[in-house]
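Trainee: One structure coming up, written as structure tokens, with questions to follow.
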Amino acid sequence: MTQSAPPVPDTSAVVAKLSLLDRFLPVWILAAMGLGLALGAVVPAVGEAMESMEVAGVSLPIAIGLLIMMYPVLAKVRYNETGRVLKDKKLVITSLVINWVLAPAFMFVLAWVFLADLPEYRTGLIIVGLARCIAMVLIWNDLACGDREAAAVLVAVNSVFQVFMFGVLGWFYLQVLPSWLGLATTSAEFSIVAITVSVLVFLGIPLLAGYLTRTLGEKARGREWYEAKVLPKIGPWALYGLLFTIVVLFALQGDQVLSSPMDVVRIAIPLLVYFVVIFAASMVIGWLLRMGYERTTTLSFTAAGNNFELAIAVSIATFGATSGQALAGVVGPLIEVPVLVALVYVALWARRFFNGSNISTTQERPIAPVAPHSL
């Protein structure tokens with residue numbers, strides 16, 4: 001028997017009850033971007049000081065921001081329910097195909113279509129396409145009321161694939177495939193150590209912290225107490241970490257971005273197309289495969305997002321900090337952050353098209369696009 005779709009949520013009523021910080025989340029994100037760009041351009045010493053704080057090639061300020069941002073989200077995951085995600089072969093296989101076959105191939109096409117005459121930017125864009133998201137996707141997924149457990153599993157799977165496949169796919173898309181097509185090739189060597197460190201720092205540490213927090217909290221006082229008392233206290237730090245990360249990131253690259261505005265536009269156009277098309281295609285694929293809203297949303301954000309920190313780190317290590325490849329990596333989050341925030345609203349709007357029987361009842365959360373600590 002076919003069930004009717006769920007009623008369209010009245011997001012305006014929920015949004016009206018939110019705090020000022022929650023209600024204008026996109027405004028604060030854009031303000032953080034603007035503040036970072038201004039700091040980097042007007043006070044170069046700030047960017048230089050933060051750039052000098054690196055450990056094993058990892059920017060310490062960005063690492064701190066990402067860890068603060070991801071920890072509360074990963075502390076919300078019900079880890080004893082992740083087994084059900086691994087049993088969902090349809091979701092896992094579809095995610096792997098989109099992330100490691102379709103998305104990199106599409107970025108390769110866009111790079112050659114839009115930047116055929118700019119080889120450095122073209123190479124940087126391809127590298128961005130290979131760096132699958134393992135960090136901010138958890139925030140976007142949470143804001144859109146996606147499946148937290150599925151997001152944690154898919155991010156972990158992407159992390160494993162990233163360690164083993166990034167270098168292989170870089171070789172394929174920069175040398176092998178262009179050679180087959182009679183196009184110019186690019187020689188690049190990717191450090192497996194750098195990729196592994198990135199995965200361990202930006203996913204491993206907050207994942208372990210989140211797992212231990214929930215496990216020990218539930219063991220001590222039970223799940224109801226943990227979710228009612230502990231999560232509301234640590235939840236706000238996800239938003240604070242996100243805003244801090246954005247400010248630091250753009251402060252580090254503000255001068256470079258503002259000094260090449262037309263180059264930024266050239267790089268931004270294919271990135272915009274990439275994020276929108278991959279997200280929309282993933283939503284349609286999830287809908288056709290009857291995955292339900294929550295898992296389709298998770299599938300879409302894990303496919304559309306990229307690990308900008310890894311892309312920037314690899315580009316700088318391989319081609320230099322002032323290279324066009326590095327600039328392409330920097331433009332990635334410049335476009336990704338506001339676009340994926342907008343896609344959170346698109347996902348919530350699209351919820352009305354999903355069958356009510358496909359929406360999980362294991363996680364009851366507000367429908368409105370609110371900050372992570374309100375979810």
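The values are calculated or read from the model by the stated rules, or taken from the named source; none is laboratory data. Computed from a predicted model, the values in this text were never measured in an experiment. For neighbour counting, all protein chains shown are included, and Cβ atoms are generated from backbone atoms with ideal geometry for every residue, glycine included.
Trainee: What pairs come up if the first residue lies in the range 288-303 and is on the phi > 0 side of the Ramachandran plot and surrounded by fewer than 24 Cβ atoms within 10 Å (Cβ to Cβ), the second is not hydroxyl-bearing (Ser, Thr, Tyr) and not in a helix (DSSP H, G or I), and their beta carbons are under 6 Å apart, counting only those six or more places apart or on different chains?
Mentor: GLY292/ILE359
Trainee: Give the range 153-173 a look and list any residue that's buried (at least 21 other Cβ atoms within 10 Å of the Cβ) and either modelled with pLDDT of 90 or more or within 18 Å of SER282 (Cβ to Cβ) (or both), or say none.
Mentor: VAL153, LEU154, VAL155, ASN158, TYR173
Trainee: Mind checking which residues of the range 97-131 are of a type in the set (A, V, I, L, M), in contact with a helix residue (DSSP H, G or I) (Cβ under 7 Å, 6 or more places away or on another chain) and within 16 Å of THR298 (Cα to Cα)?
Mentor: Hits for the range 97-131 are ILE98, ALA103.
Trainee: MET262 fails exactly one of the following numbered conditions: (1) farther than 14 Å from ILE98 by Cα; (2) in contact with a helix residue (DSSP H, G or I) (Cβ under 7 Å, 6 or more places away or on another chain). What is the number of that condition?
Mentor: Of the numbered conditions (1) farther than 14 Å from ILE98 by Cα; (2) in contact with a helix residue (DSSP H, G or I) (Cβ under 7 Å, 6 or more places away or on another chain), the odd one out for MET262 is (2).
Trainee: Taking the conditions exactly as written (among the charged types (D, E, K, R), more than 21 Å from the chain's Cα centre (by Cα), more than 30 Å from LYS219 (Cα to Cα) and at pLDDT 85 or above), does ASP117 satisfy them or not?
Mentor: The answer is yes for ASP117.
Trainee: With the requirement that a residue be crowded, with 22+ Cβ neighbours inside 10 Å and closer than 25 Å to LEU239 by Cα, what does the range 78-115 give you?
Mentor: none
Trainee: Let me ask you something else. Consider the range 141-158. How many of its residues are assigned to a helix (DSSP H, G or I), of a type outside the set (Asp, Glu) and farther than 19 Å from LYS87 by Cα?
Mentor: The total comes to 2.
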